[in-house]
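Engineer: Before anything else, here's the structure in question.
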Amino acid sequence: MIDLSPPPYPDLTFRTLPNFAWPDGADCGVIVAWHVDGEAGPMASDRSVVNHVAAMSEAAYGLTTAMPRILDLHRDLGIPGTFFVPAHVAERHPGVMEAIVGDGHEIAHHGYMHENVYGLAEADERALFEHATAVLQRITGRQPRGWSAPGWGVTEQTLSIMASMGMTYDASLMERDAPHLVETANGTLVELPISMVLDDWALFGSSLHGGGVSSLARAAEAETIWREEFDGLRRFGGLFQTTFHPNLMGRPGRLVMLERMLRDMQACSGVWWGTCDEAADHVRRLHDEEPTCA
Ligand SMILES: [Zn+2]
């Protein structure tokens, strides 16, 4: 028989701060964020891929070939970055992590082996979060303050675990344009919204394993879409947070386009540039100053 009862929605409250404004009166915010999936990407669902040397080489390109020139790009433009890294990738490429931290960027949580946590048992999910946090802390010298969901799998349980661990922000949800708050059973998180519009996978996604998928959009097409979105987010006061994968976006032709686009964006007035943890700290401050009802 057809079920016509309302479903049990998660016990979460999403809330926009009434006093939200970008720092220094900016019209919008930009966070250049990277998802450094590396070898963990293809191995997330099938560790036997470790023996598929071609698939591993496709994944490793992001770390060994693309990351040095991505860091050069950030340095040349003076733009801070947030790098979401599966802890296994940090273990495998500690020198790249050292370079990211040495350039003053943020490294944040992205699972251990890029696990999609949707449907995981609570004890398993908590163990995963704690282990990956400990590995990232050991390698980078800092505790990751936020997380972005591999495969965009997020549940109420995930957000509650993050809050209980003292994490500051999540960067996985898509309901709003600007930073806001998520109230969980274990405390409040800052939500830094993402959008599939700014995810390079939609245009350039490629993986050899599992039958292989490959999207080969022109860089110019991506540039058009992202410039349009930047103009719109400036108009409506939102967050332009990228989801760029080094093995996709770090291809030479795409990186040349990205440099051109970022330089033009930097020439625009009224734009706040920062990392996810800086944006989250700003929202936390506003939350602390929030007017309370008498
Ligand atoms: Zn990822």
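Engineer: Quickly work out the Thr292-to-Tyr118 label distance, labels modelled 7 Å from Cα along the C-beta direction, and quote it in nm with one decimal.
Structural biologist: 3.9 nm
Engineer: Restricting to the chain, what percent of DSSP beta bridges are antiparallel, rounded to 5? Intermediate results must be reported in sequence, preceding the final value.
Structural biologist: On the way: 10 of 31 bridges.
Bridges in the chain that DSSP calls antiparallel: roughly 30 percent.
Engineer: For region 17-100, take the alpha-carbon Rg, divide it by the Kirkwood Rh, and send me Rg/Rh. Each step should come with its number before you reach the end.
Structural biologist: Working: Rg = 16.6 Å, Rh = 14.8 Å.
Rg/Rh: 1.12.
Engineer: Residues with amide H under 5 Å of Val271's amide H, sequence separation 5 or more or different chain, H placed in the peptide plane at 1.01 Å from N; which?
Structural biologist: The list, which skips near neighbours in sequence, is Asp27.
Engineer: Which residue fluctuates the most in the chain, going by a Gaussian network model with Cα springs under 10 Å, if the choices are Ala60, Ala99, Ala267?
Structural biologist: Ala267
Engineer: Does region 13-288 come out rounded, prolate or oblate by the C-alpha gyration tensor, with a ≥ b ≥ c the root eigenvalues, rounded set by a/c under 1.5 and, if not, prolate when a/b is larger than b/c and oblate if not?
Structural biologist: Values: a/c = 1.56, a/b = 1.07, b/c = 1.45.
It comes out oblate by the Cα gyration axes.
Engineer: With unit charges on the beta carbons (Lys and Arg positive, Asp and Glu negative) and the dipole taken about the Cα centre of region 122-211, which residue among Met165, Gly141, Ile194 sits farthest to the positive side?
Structural biologist: Value: Gly141.
Engineer: Using a Gaussian network model of the chain with C-alpha springs under 10 Å, which one of Pro23, Pro252, Pro193 is most mobile by mean-square fluctuation?
Structural biologist: Pro252
Engineer: If each residue's Cβ is checked for other Cβ atoms within 10 Å, how do Asp24, Asp200, Asp72 rank with the fewest at the top? Could you put the intermediate results ahead of the total?
Structural biologist: Numbers: Asp24 7, Asp200 24, Asp72 13.
By the 10 Å Cβ count, ascending: Asp24, Asp72, Asp200.
Engineer: Nearest 20 debye, what's the magnitude of the dipole of region 91-230 about its Cα centre given +1 on Lys and Arg Cβ and -1 on Asp and Glu Cβ? Provide the component values of the computation, followed by the final result.
Structural biologist: On the way: 8 positive and 21 negative charges, 74 e Å.
Around 360 debye, computed over region 91-230.
Engineer: Still on this model: With the cut-off at 1.5 for a/c, could you classify region 1-153 from its C-alpha gyration tensor as rounded, prolate or oblate? If you can, show how the numbers build up before the last one.
Structural biologist: On the way: a/c = 1.96, a/b = 1.14, b/c = 1.71.
Cα axes put region 1-153 in the oblate bin.
Engineer: With 10 angstrom as the radius, rank Ile31, Ile225, Ile194 by how many other C-beta atoms surround their C-beta, starting from the fewest. Intermediate values should be presented prior to the final figure.
Structural biologist: Values: Ile31 26, Ile225 15, Ile194 23.
Listing Ile31, Ile225, Ile194 from fewest to most nearby Cβ atoms yields Ile225, Ile194, Ile31.
Engineer: With +1 assigned to the C-beta of every Lys and Arg and -1 to the C-beta of every Asp and Glu, and no other charges, what is the dipole magnitude of region 13-288 about the Cα centre in debye, to the nearest 20? Write out the running numbers ahead of the final one.
Structural biologist: Values: 20 positive and 36 negative charges, 81 e Å.
That gives a dipole near 380 debye.
Engineer: Okay, next question. Just the number, please: percent antiparallel of the DSSP beta bridges in region 124-253, rounded to the nearest 5. Spell out each step's value before the answer.
Structural biologist: Values: 7 of 12 bridges.
Looking only at bridges with both residues in region 124-253, the antiparallel portion is about 60 percent.
Engineer: Take the chain, connect every pair of alpha-carbon atoms lying under 10 Å apart with a spring to form a Gaussian network, then pick out the residue of Thr16, Thr242, Thr184 with the largest mean-square fluctuation.
Structural biologist: Comparing Thr16, Thr242, Thr184 in a Gaussian network model of the chain, the most mobile one is Thr16.
Engineer: Identify, among Ala26, His52, Gly95, the residue whose Cα sits farthest towards the positive end of the charge dipole of region 13-288, taking +1 on the Cβ of Lys and Arg and -1 on the Cβ of Asp and Glu, with the dipole about the Cα centre.
Structural biologist: Gly95
Engineer: Still on this structure: Using only alpha carbons, build the gyration tensor for region 1-44 and give me the equivalent ellipsoid semi-axes, biggest first, whole Å.
Structural biologist: Values: eigenvalues 232, 164, 14 Å².
One finds semi-axes of 34, 29, 8 Å for region 1-44.
Every read-out reported here was derived from the displayed coordinates using simple, explicitly stated rules and does not represent laboratory data. If you're wondering where the values come from, they're calculated on a predicted model, not measured in any experiment. Note: ideal-geometry Cβ built from the backbone for every residue, glycine included; neighbour counts use all protein chains shown.
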